[in-house]
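Notes follow once the structure below has been shown.
The values are calculated or read from the model by the stated rules, or taken from the named source; none is laboratory data. Quick caveat: nothing in here was measured; it's all calculated off a predicted structure. Virtual Cβ from ideal backbone geometry, glycine too; neighbours counted across all protein chains shown.
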Amino acid sequence: MLEVSRLRKTFETDGQRALGRGRRTVNDVAQVFAVNDVSFTVEEGEMFTLLGPSGCGKTTTLRSIAGLETPDSGSIALDGRALFSRQAGKKKGAVNVAVNKRGLGMVFQSYAIWPHMSVFDNVAFPLRVAPRGRRVGEAEVKRRVTKVLETMELAAYADRHATKLSGGQQQRLALARAIVIEPPLLLLDEPLSNLDAKLRESLRYELKRLQRELGITSIYVTHDQTEALALSSKVAVMQAGQVAQLGTPREIYQRPLTKFVAEFIGTANFLDGTVRARSGQDFAVETANGVLTLTADADVTVGSAALASIRPESVQISVERPTDARNVWSGVVTTRAFLGEAMDHIVSVGQHEINVRSGPEISIEPGTPVYIRFDPSKLSLVPMS
């Protein structure tokens, strides 16, 4: 189990670059928080994903766990063993285990394979250069490398130079080299980002299958929302150096806690309004087009401005009024788009333009009056921000 607690990391920068981020000034030098009080736990066997836009702190967090960055304060522990620990402003009593002594596996975005070595020698390299106390004999090297190459379906290429492999094969080679040391934790820094879309999709499921079969605890960094939802046991969505929301992929997608999370993960309709009534988790939100009733686990008080959000596929559309009259609005289709596996309609309702996604069998011509219905259980409520 990995425990990351109150991790902080700052970089010196000029004032303009620090705008819009948590910042402080030390001796007239602006410092921006790359990671600001980040805490999370990764259970054994989980695929834990750090997800967010460029500059949100996800790679800095990963590199801090690997030992490639030195945080200002916080702690990192793996299976009860401290890898890093430092109190803010104090160096006395600090712990910072060297990169090569942490025993972690890492796959970089660029793969970083040795171009002058064969596939076999690339995978064998970390075993052969391990510290003497952990180094294994050549017979064991051959056994481990052969086994992992078979798992990665690269055994037939063992004698081939690494640069003669395709992009997907090179990605699997980098992964094989990382897991051959049988690490307690595998770190993956956007390993699929250099591949074309079709290959990335196929390797995404291959990576998930391998992670489950091998049972390796993994931390995966990506900015690709689809990748995060498909691969992860847990997702931490990061924003400006902090964890905006942590949960399962389904929780993150269906119950975003902030507008940022709802916008970053997929597509969402936002309906601004005011909370007029609340009973436990049941809310009544007054909008410009009428009152919406919904059920949400939200910390929003009566009288507060709030945003009701709903995914396009959770909005029902029909030319006839639904029998369930709750949350039914009437509008007009302004445009439609065929997406192959789905059909998108944009429906104009008063001040709102609602995106509705349905199966491709539903196709309604622009200009047609329609009814749309918001399922109370599919609506989320977030504070206005």
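Residues to consider are Ala262, Ala268, Ala244; find the one that is out of contact with any helix residue (DSSP H, G or I) (no Cβ under 8 Å at 6 or more places or on another chain), surrounded by 17 or more Cβ atoms within 10 Å (Cβ to Cβ) and closer than 30 Å to Gly55 by Cβ. Give the derivation first.
Values: Ala268 fails: out of contact with any helix residue (DSSP H, G or I) (no Cβ under 8 Å at 6 or more places or on another chain); Ala244 fails: out of contact with any helix residue (DSSP H, G or I) (no Cβ under 8 Å at 6 or more places or on another chain).
Result of the check over Ala262, Ala268, Ala244: Ala262.
Looking at the stretch 100-109, is at least one residue outside any loop (DSSP other than H, G, I, E, B), over 30 Å from Ala162 (Cα atoms), under 18 Å from the mean Cα position of the chain (by Cα) and of a type outside the set (Lys, Arg)? Outline the logic, then answer.
Of all residues in the stretch 100-109, those outside any loop (DSSP other than H, G, I, E, B) come to 100-101, 105-107.
From what is left, the residues that are over 30 Å from Ala162 (Cα atoms) are none.
No: the stretch 100-109 contains no residue that is outside any loop (DSSP other than H, G, I, E, B), over 30 Å from Ala162 (Cα atoms), under 18 Å from the mean Cα position of the chain (by Cα) and of a type outside the set (Lys, Arg).
Just wondering, is there one or more residues in the stretch 310-320 that are part of a helix (DSSP H, G or I) and crowded, with 17+ Cβ neighbours inside 10 Å? Yes, the stretch 310-320 contains a residue that is part of a helix (DSSP H, G or I) and crowded, with 17+ Cβ neighbours inside 10 Å. Residues in the stretch 79-126 that are in contact with an Asp or Glu (Cβ under 8 Å, 6 or more places away or on another chain), crowded, with 17+ Cβ neighbours inside 10 Å and over 22 Å from Asn194 (Cβ atoms): Arg86, Phe120.
Somewhere in the stretch 175-198, is a residue outside any loop (DSSP other than H, G, I, E, B), exposed (fewer than 14 other Cβ atoms within 10 Å of the Cβ) and either on the phi < 0 side of the Ramachandran plot or among the charged types (D, E, K, R) (or both)?
For the stretch 175-198, residues outside any loop (DSSP other than H, G, I, E, B), exposed (fewer than 14 other Cβ atoms within 10 Å of the Cβ) and either on the phi < 0 side of the Ramachandran plot or among the charged types (D, E, K, R) (or both): present.
Phe40 meets all of the listed conditions (1) surrounded by 16 or more Cβ atoms within 10 Å (Cβ to Cβ); (2) over 30 Å from Ile265 (Cβ atoms) but one, namely (2). Inspection of the stretch 371-384 identifies at least one residue that is at pLDDT below 95 and farther than 24 Å from Arg250 by Cβ. Of all the listed residues (Ala130, Ala124), the sole one being at pLDDT below 90 and either within 33 Å of the chain's Cα centre (by Cα) or among the β-branched types (Val, Ile, Thr) (or both) is Ala130.
Cβ-Cβ contacts under 8 Å between residues 6 or more apart (or on different chains), taken from a first residue in the stretch 355-380 that is closer than 19 Å to Leu271 by Cα and free of Cβ contacts under 8 Å to residues at least 60 places away in the same chain to a second residue that is acidic (Asp, Glu) and part of a loop (DSSP other than H, G, I, E, B), are listed as Tyr371/Glu320; Arg373/Asp324.
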